[in-house]
Amino acid sequence: MPQRGYHKEIHTLQKLSIEQIKKHYRFTPHDESMLSALRPYVEGLMEDFLDQFYRYIFHFEYATIFLNNDLILTMHREQIGKWLLEIFDGTYDQHYFNRLQQISETHVRIGLPTHYVNAAFSFVREFLEKHLIHDHQKELCAVHKILDINLDILSLTYIEEEQQSFIRQVSILKYAVNNQKVIPYVQPIVHVPDGKLHKYETLMRLEDQEGNITQDIFTLLQVSKQIKLYEPLMWLMVESVFNLFRNTEYPFTINIGYEDITNRTFINFLIRQIKSYPDSSRITFEILESDFIEDFSIVYDFIMLLRELGCNIAIDDFGSGYSNMENILKLRPEYVKIDGSLIQNIDRSKHSLDIVKNIINMTKDLGILSVAEYVHSKEVWEVIKKLDVDFAQGYFLGVPLPAVEVIHG
């Protein structure tokens, strides 16, 4: 049996012909015939396989984002079933390998993470082993060979794209830090009863060497942590935001993460910025609810410090899975921002609607203001208004725009 995940030679694999690939994996005509003979048996397993497969992958956060409605899920399920059955076609020609390449390129374009693909293959392999180990053990060697071929071809585009993408990301980050190209954007947060502006959420964007504004800031921030550029980015962001809003009457929010909270140097810098600001009551710091699970005492102490300085607190992405009422009772934030995953389908999902109703009831009882994120359509906006949410934001109400244009334009 070939070594599984033969990734150290996959760049060579890309240059090989179909016959060379088969030789590379010792994939013989006998393997092809054994796989073809298994097809009727696998067809009988298909419903069980698909049910278990989706129960498994929905443990991954990315799956809940990508497969976010019934239509997409149905199409994806059909394609996964088609792919699995094609493994047992017994015909592995140019058309077959072209299709694998198309699948790979599609997954790269939609941003599907590599670890998701690897984990999915791990599940497929375990499922087939479990069902073939007793009555079809001799065919397992052929199954592993074709799965290895599939995994490596489906990984080729990822590895090349990831290498090129990483170099590009590092270049953007270094340019942004060295040339102070951290560009604050703002998105309006509106008062739901009258639709009027309440405050702005500030969002980090970076300008690259060509003058383009990068949109995938989350990925760039993750890379910045790997290459030790995250802290200077945050310094530039905070300084820019405070300077932009300093001589205005607009309240604003700024996002702070656990990594910032535990950085004493950054916190000292932040305190100086707050103390020099004309009215700290116009500043709200948004803290992810998931940050509480790191070390609640550190987050609590930081929030108490901000309170002493006159700032407000918003708990971001509330209801995304970490909700702890005890923590909320201790913190008593001014705002709770309801996670966008609950809001985006609230006009079509009774489950989301019921959860949001409970969150709103809780905030009313505690005297905390509620904010609905991801209000992206008129239908969602109408539901939000009926639920008596205090504030809302989203593309239906206003897209993120450069702060300097909005505030001083």
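Quick note: the coordinates plus some simple rules give every number you see, no bench work behind them. As the structure is a prediction and not an experimental result, all values here were calculated from the model. Ideal geometry is used to build each Cβ from the backbone, glycine not excepted, and the neighbour counts take in all protein chains shown.
Observations on the model:
- Binning all Cα-Cα separations of the chain at 20 Å, short to long from zero, yields these whole-percent fractions: 22, 45, 27, 5.
- Value of relative contact order over the chain, rounded to a whole percent, pairs C-alpha under 8 Å and six or more apart: 14
- Cβ-derived FRET efficiency at R0 35 Å, residue 74 paired with residue 378, nearest 0.05: 0.85
- Taking the Cα centre of the range 179-408 as reference, the dipole from Cβ charges on Lys and Arg (+1) and Asp and Glu (-1) amounts to some 360 debye.
- Dipole magnitude of the range 214-304, debye to nearest 20 (Cβ charges: Lys/Arg +1, Asp/Glu -1, about Cα centre): 420
- Net length gained if the chain between residue 309 and residue 33 were fully extended (0.36 nm per residue, minus Cα distance): 92.0 nm
- Neighbour-count order for 19, 379, fewest beta carbons within 10 angstrom listed first: 19, 379
- Contour excess over end-to-end distance, with Cα ends at residue 364 and residue 64 and 0.36 nm allotted per residue: 105.1 nm
- Two-site label geometry, residue 263 and residue 295: point separation in nm, points 7 Å out along Cα→Cβ: 1.6
- Scanning residues 5 or more positions from residue 198 or on other chains, those with amide H under 5 Å from its amide H are 189, 190, 191, with H placed 1.01 Å from N in the peptide plane.
- Selection from 391, 233, 141 lying farthest towards where the dipole of the chain points positive, charges on Cβ: 233
- Using the Cβ-Cβ distance between residue 174 and residue 97 with R0 = 41 Å, the FRET efficiency computed as 1/(1 + (r/R0)^6) comes to roughly 0.60.
- Sorting 76-83, 234-241 by their mean Cβ neighbour count within 10 Å, with the most densely packed peptide first, gives 234-241, 76-83.
- Across the options 277, 309, 34, the greatest Cα extent toward the positive end of the charge dipole of the chain (unit charges at beta carbon of Lys, Arg, Asp, Glu) belongs to 277.
- Dividing the summed -39500 (n - 2.57) terms of all DSSP H runs of n ≥ 4 by the residue count of the chain sets its mean residue ellipticity at 222 nm at -18500 deg cm²/dmol.
- Applying 1/(1 + (r/R0)^6) with r as the Cβ-Cβ distance of residue 82 and residue 191 and R0 = 56 angstrom yields a FRET efficiency of 0.70.
- Across the cross-link table entries 330/357; 350/378; 181/385; 82/337, which are compared at the Cα atoms, the separations over 29 Å belong to 181/385; 82/337.
- Equivalent ellipsoid semi-axes, the range 179-408, via Cα gyration tensor eigenvalues times 5, rooted, Å: 27, 21, 18
- Simple label model, 7 Å out from Cα along Cβ direction - residue 55 to residue 243, nm: 5.7
- A simple spin-label model places pseudo-atoms 7 Å from Cα toward Cβ; at residue 388 and residue 345 they are separated by 2.8 nm.
- Length gained on full extension, residue 212 to residue 395, computed as 0.36 nm times the residue gap minus the Cα-Cα distance: 63.8 nm.
- Size of electric dipole in the chain: Cβ of Lys, Arg +1 and of Asp, Glu -1, about Cα centre, debye, nearest 20: 560
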